[in-house]
Amino acid sequence: MLQFAVRRLVVSIPLLIVASVLVFTVLHLTTDPAAGLRVNPRISQADVERYRHDLGLDRSGPAQYFAWLGNFVRGNWGTSLFTSIPVSGQIREALVNSMFLGVIGFAIALLIGVSVGVVAAVKQYSVFDYMATSGAFIFLSIPVFWFALIVQLLFGLYMVRWFGLSEPIFYTAGLSQPGSVGFDLVDRLRHVALPAIVLAVQSLAVYSRYMRASMLEVLGSDYLRTARAKGVPERRVIVKHGMRNALIPLTTQAAIDFGALAGGLIVTEAIFQWPGMGNLFVRAMNDGDYAIALPWVMLTMTFVIVFNLIADILYAVLDPRIRYG
Amino acid sequence: MADGTVDHQPGPVPTMTPVATGAEAAPTVEALGLEEHGLSQRTLMWRRFRRHKLAIASLVTLVVIGLATLLAGVLSPYGYAEQHLDQILQGPSAKHLLGTDQLGRDELTRLLYGGRISLLVGLGVALVSGVVGTLVGVAAGFYGGRLDNAVMRLTDLFLSIPLLVLLIIASRATGGSIRDIVLVLSLALWMFLARIVRGLFLSLREKEFVEAARSIGASNRRIIFRHMLPNALGVIIVSITLTVAIAILTESLLSFLGFGIQPPTPTWGNMLEDGRPQMTYAGWLVWFPGLAILITVMCVNFLGDGLRDALDPTQRRVRA
């Protein structure tokens, strides 16, 4: 197994290199980090050139890229081209914020998605099943971006108006109250609620469909009939014999999705002004700040690759019929 | 997961679509359409499709939406860029059925013209990514070996870059014309079909009828296009249909990021983005474009589901 894991990881290294070259090339060709300085009449041309020289921006593209790559693999991630703030700190902070939002949304999605899927499968063709199925179709057809706005309107405006509240129950923007100091869990949760709902609703639809399908398959299996024949109580049949096995395919899907959380949620974070990885990347791309964009791409892709690997391993561990390829 | 990574969307086709992965009701002889002996394939498909009431309703709705957008010039007395600065930000009324925006442009008119572009983008992306995905999948699956290896590494690369990152990178390198947007979205969505087709071709290649065709001296080209492709067509058509839905959703994301089709040309996506600053006092500017996208995408998804039932009877039936 170890050999399998190591081989898979080594094979992915070229992927990372190619992706980072791609991002660098596009940034290098389309964005000039010094553009803002050039149009400022108070900054002389000589100062702009000095700035570019200090940052190495006057060197050729390949030279810049390889200088960056050399530093990167030695653990020296440097500072942002704009703010001179260390890149590693910025990324760490954004990653923590994104994961906080992601894990909460992910947990809601899994919890509700699995429950809905199981009930829909157990009561196949019931009213609940129909509602869950059509609900999933609707949620899968909603533009995220629009849904986020509607959630903001609903909680930030309509509910305040209807119930005559002095302030919204859940806030529509930011990480915490402006001006607040330190970490206040209640306040943080009131801020994370709406983006987490937006995130959860989309994945929930997918998970409930997956769970329903795999639960139906398990419910029709022979070992479940055996369990019933032995006189195992129905509840135990469904939870212990049924759900445990039906969860296997979902586990791998969830592991893959979890890896993707590190990249943050570009749209949701932008609309709710959540200072996470998604926002960091969009800003870096707009500024042409490759010192942030490149480590960002490396890190998020590594997460995706590692969690894909974990998904494969989990699958084989949970289901002994599967062997490593 | 949703967003960014997949900001949901455009999420990869397989997760996006409520695929009938598992055992629904066991396929009865009736559900598989086997009771009709002596009928042509086409008749059988049509019968299976007709049984899916929601798919029929969706098809009708889509045709109505399509016609309405094509006839925008006839249906509406206004132009999409026509400003009435004395009537800005008015709510729905008899004169402006869905209200006006901050420049006094009629929202319904813009919705109709915008739908034209959004649908065009959706269809264009489905076509381009469908053709590219199919060809790549066919080449990899049929010829195998080194070509297959190279092509699969390429799809791996595209799949491991988060979708929106790919979109942002690609749209920086292009302008905002319809053609550019179609190309950018196709670039981000071709891999899913390529993988499916490759898988199909890998298994079809070993089938007896392919061997039979080869033994009577059929050329590779003939084997691929006359013998193998028709067997994969059902799956390809379903996947392409669902790509239309994903493309429409993704176009709205691009507009949100400011990389989409540029104003004053309306699309549902950029109308949504355009209405965003006004949403607290002119909610209709956000509600209507969003609902237009939602309804259209939902219909396309139902249609895809119905087509799956009709064209791909090996897949178990999904009720919707």
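The numbers here are math on the coordinates, done by the rules we state, and not lab data. It should be emphasised that the depicted structure is a prediction, and the values quoted were computed from it without experimental measurement. Ideal geometry is used to build each Cβ from the backbone, glycine not excepted, and the neighbour counts take in all protein chains shown.
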What whole-number volume per residue, in cubic angstrom, does the convex hull of the C-alpha atoms of region B:63-208 give? 147
Electrostatic dipole magnitude of region A:1-160 [Cβ: Lys, Arg +1; Asp, Glu -1; Cα centre; debye, to 20]: 300
Contact order relative to length for region A:166-325, counting C-alpha pairs under 8 Å separated by 6 or more residues, stands in percent at 23
Tell me the angle of helix B:41-50 to the major Cα principal axis of chain B, expressed in degrees between 0 and 90 and rounded to the nearest ten. 40
Taking chain A as the reference, fit the longest principal axis to its C-alpha atoms, fit the long axis of helix A:290-318 to the helix C-alpha atoms, and give the angle between the two in degrees, 0 to 90, nearest 10. 20
Measuring from the lowest to the highest alpha carbon on each principal axis, how far does chain B reach, largest first, in angstroms? 76, 46, 33
How big is region A:155-254 along each principal axis, measuring the range of its Cα positions in Å and listing the largest first? 62, 31, 23
Based on the inverse mean of 1/r over its pairs of different Cα atoms, what is the Kirkwood hydrodynamic radius of chain A, in Å? 23.0
Under-5 Å amide H pairs with A:Thr79, H placed in peptide plane, nonlocal only: A:Val87
Length-normalised contact order of chain A, Cα under 8 Å, at least 6 apart, in percent, tallies to 27
Could you give each residue of region A:207-221 its phi-based ³J(HN,Hα) in whole Hz, using Karplus coefficients 6.51, -1.76, 1.60 with θ = phi - 60°, and x for Gly or Pro? 5, 5, 5, 4, 5, 4, 4, 6, 5, 4, 5, 5, 4, x, 7
On C-alpha positions alone, give me the angle between the axis of helix B:107-143 and the longest principal axis of chain B, in degrees, nearest 10. 20
Cβ neighbours within 10 Å, averaged per peptide: list B:133-145, A:197-209, A:296-308 in order, most packed at the top. A:197-209, A:296-308, B:133-145
Work the Kirkwood hydrodynamic radius out for the protein assembly as shown: mean of 1/r over every pair of different alpha-carbon atoms, inverted, in Å. 26.7
Taking beta carbons within 10 Å but only from partner chains, what does the mean come to for residues A:92-105? 1
Taking neighbour Cβ counts within 10 Å as the exposure measure, how do B:Arg42, B:Arg205, A:Arg228 sort from fewest upward? B:Arg42, A:Arg228, B:Arg205
Find how many whole Å separate the alpha carbon centroid of region A:226-240 from the alpha carbon centroid of region A:107-123. 20
In peptide A:268-280, how many Cβ atoms from other protein chains are near each Cβ within 10 Å, on average? 2
Sort B:292-298, A:110-116, B:56-62 for me by packing, meaning the mean count of neighbouring Cβ atoms within 10 Å per residue, highest on top. B:292-298, A:110-116, B:56-62
What's the average, rounded to a whole number, of partner chain beta-carbon atoms within 10 Å of each residue's beta-carbon in A:17-29? 3
So what are the ³J(HN,Hα) numbers for region A:233-242, from phi and the Karplus equation (6.51, -1.76, 1.60; θ = phi - 60°), rounded to whole Hz, Gly and Pro as x? x, 3, 4, 5, 4, 6, 6, 7, 8, x
Chain B, relative contact order [Cα under 8 Å, separation at least 6], %: 28
Calc'd 3J(HN,Hα), region B:265-281, phi into Karplus 6.51 cos²θ - 1.76 cosθ + 1.60 (θ = phi - 60°), Hz, glycine/Pro = x, comes to 4, x, 10, 4, x, 6, 5, 4, 5, 5, x, 4, x, 8, 5, 6, 10
